[in-house]
1. Filter segment A:11-41 down to the residues that are closer than 23 Å to B:Gln191 by Cβ and in a loop (DSSP other than H, G, I, E, B) and list them by number.
2. Which members of segment C:91-112 meet the condition of being surrounded by 24 or more Cβ atoms within 10 Å (Cβ to Cβ) and either more than 8 Å from chain B (Cβ to nearest Cβ) or more than 17 Å from the chain's Cα centre (by Cα) (or both)?
3. Could you list, ordered by first residue, the pairs with Cβ atoms under 8 Å in which the first is in segment A:86-109 and outside any loop (DSSP other than H, G, I, E, B) and the second is of a type in the set (Gly, Ala, Ser) and modelled with pLDDT of 70 or more, at least 6 apart or interchain?
4. Does segment C:36-58 include one or more residues that are under 20 Å from A:Asp18 (Cα atoms), within 14 Å of chain A (Cβ to nearest Cβ) and without any contact (Cβ under 8 Å) to a residue 24 or more places away in the chain?
5. Could you go through segment B:128-146 and let me know if any residue there is out of contact with any helix residue (DSSP H, G or I) (no Cβ under 7 Å at 6 or more places or on another chain), hydrophobic (A, V, I, L, M, F, W, C) and outside any helix (DSSP H, G or I).
6. Suppose the filter is at pLDDT 90 or above and on the phi < 0 side of the Ramachandran plot; does B:Leu189 pass it?
7. Could you tell me which of the residues A:Gly105, A:Gly112 is surrounded by 16 or more Cβ atoms within 10 Å (Cβ to Cβ), modelled with pLDDT under 95, in contact with a helix residue (DSSP H, G or I) (Cβ under 8 Å, 6 or more places away or on another chain) and within 18 Å of C:Val86 (Cα to Cα)?
Amino acid sequence: MTNGVDLGRPQAQTVGSDEDVVRVRQLVRTVAVAVRLSLVDQTKVVTAASELARNTLVYGGGGTVEVTAIDNGRRPGIKIVFVDSGPGIADLDLALTDGYTTGGGLGLGLSGARRLVDEFDIQTASGQGTRITITKWSR
Amino acid sequence: MALSADESGRLGELLTSRAEQVTQRWTEIIAGQLRGRLSQAELVRQVQELHRALVDALGKGEVDLNAEEATELRAVLADLSRGQARQGFSATETATGVFALKEALLQTLETDQSAATLRDYVAFSALIDQMGLFTFESFVRTRESLIADQAEQLLELSTPVVKLWEGVVAVPLVGTLDSARAQVVMERLLQTLVDTGSPYAIIDITGVPAVDTQVAQHILKTVVAARLMGADCIISGIRPQIAQTIVALGIEFGDIATKASLADALRHVLRLTGVETSRRQPRRES
Amino acid sequence: MERVPILKIGDILLVSIQVDMSDETAVALQEDLAERIVATGCHGVIIDITALDIVDSFVGRMLSTIASISRVLDAETVVVGMRPAVAITLVELGLSLNGIRTALNVERGMELIAIDRADDDHHEEWDDGPVAGATASP
């Protein structure tokens, strides 16, 4: 497990295999607990991270995930950044549509993950890789 | 906004040498405003504490309320406003308690007139304004957290989940359902299903005055989530106006069971589970 | 890679998922289960996910696939023990787990399968219509 995590700084995890997706989930869970997210919100953010980490692996050909405990002065939260240098997403609107998939999945990864978090930002272009930032605040 | 080392030296000197005169006048002004709602002893203690913290901060040279040197001063101010917020004083009363120092200082300064006096007074005044605003902010923060606490307590009180029968739980919803409350209800209901092993839940909305799209969505999501867990939800107590809104908003309740009253819903569930229910026949006297 | 154990209890296969599954483990479970259904001739599969703190779209799809496969092999699948937080998240995610039967706990899951088998036997005895039992959804 990822106990003894230093919450003061961002935690990085490379995503290169199946097991790494599990590690990302565990890391996100640890930080989510530390910033006192409710159980439901923990579950939502870990699920979103699982979807996006798998996207990083399957579509981006691997990459890195960075998890940070943040605070906006009013409440704490968790910020997660997924970066890959894969082929990128050519049509973002289409990729964010429920049920759209190129990889034989359910097509809920991006659109579903977006519904599970408070802030969702995606930067991508064809051939330029993808960078997704999600944030979930404690209530 | 910061006081230069020179200025803070002079203010510190003034506050120390005329300590008694300033604090006394300061106390008098506040006492006049509060009209006896704070005991004299308590008031004197607060003013003296503030006076001491201010002098300490001034003794460190340059003074900026946001700097590290003023940590102690900020703590005293925050403490003061917290106390007043909890005791029900208004924000204005709390802040003017700090502003009263200006008047007390002015009277002290008037006795020794010199060219530098006016400039000093303006500088001191700026610091006191800063202190007053800080007090105001602490006050608001305290109030906000008080309100948040109360809202949470209210939420706890207003969402009971009760067991109606073996395997049947119910949530009688009363009052306005906003997003936050709907979420709490949803979580509590689902957890109760697990804890009691009940495969049936009745959501009774007799006491809900209005339903908008968001609330209806929350109820629908609860029903779907319950199904995922292997439990069935029945919605009861839909009032005519709410039925009209639901149809007007185009919300699909799909195959979710709805019943007119909680009693009907319970009877429906009992029938499903095979419990016999019958109206009691009036007993015939023989 | 860890493998999820499959227990046989009477006419039922019980799978209790205790680990944080990698996708590989999930796929392996799918294959193992199909083999065990055929090997044992069991008519019911109970998948206990009480210990799972998340179900994402991959695991959701695996559960749907297992249900479909076992239905083809004449076994009924019931997923039991889903946590409230997981259910709420799945709803938000937009995953409806179509065609999967669920129950609150293992005991209720067993009841469900028992009732089903009883109905089935009943149909086989009395119904000779061609549509009997052809109502399974995808």
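The values are calculated or read from the model by the stated rules, or taken from the named source; none is laboratory data. Since we're looking at a predicted model, the values are computed, not measured. Cβ: placed from backbone, ideal geometry, glycine included. Neighbour counts: every protein chain shown.
1. Result: A:Val35, A:Arg36, A:Leu37, A:Ser38.
2. Once the filter is applied, which keeps residues that are surrounded by 24 or more Cβ atoms within 10 Å (Cβ to Cβ) and either more than 8 Å from chain B (Cβ to nearest Cβ) or more than 17 Å from the chain's Cα centre (by Cα) (or both), segment C:91-112 yields only C:Leu93.
3. Final answer for the pair search is A:Gly109/C:Ser57.
4. no
5. no
6. Numbers: at pLDDT 90 or above: yes; on the phi < 0 side of the Ramachandran plot: yes.
So B:Leu189 passes the test.
7. Working: A:Gly105 fails: within 18 Å of C:Val86 (Cα to Cα).
Only one candidate passes the filter, namely A:Gly112.
Yes/no per residue for (1) away from chain C (no Cβ under 14 Å); (2) of a type in the set (A, V, I, L, M):
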{"site": "B:Glu110", "(1), (2)": "yes, no"}
{"site": "B:Tyr121", "(1), (2)": "yes, no"}
{"site": "B:Met131", "(1), (2)": "yes, yes"}
{"site": "B:Gln150", "(1), (2)": "yes, no"}
{"site": "B:Val168", "(1), (2)": "no, yes"}
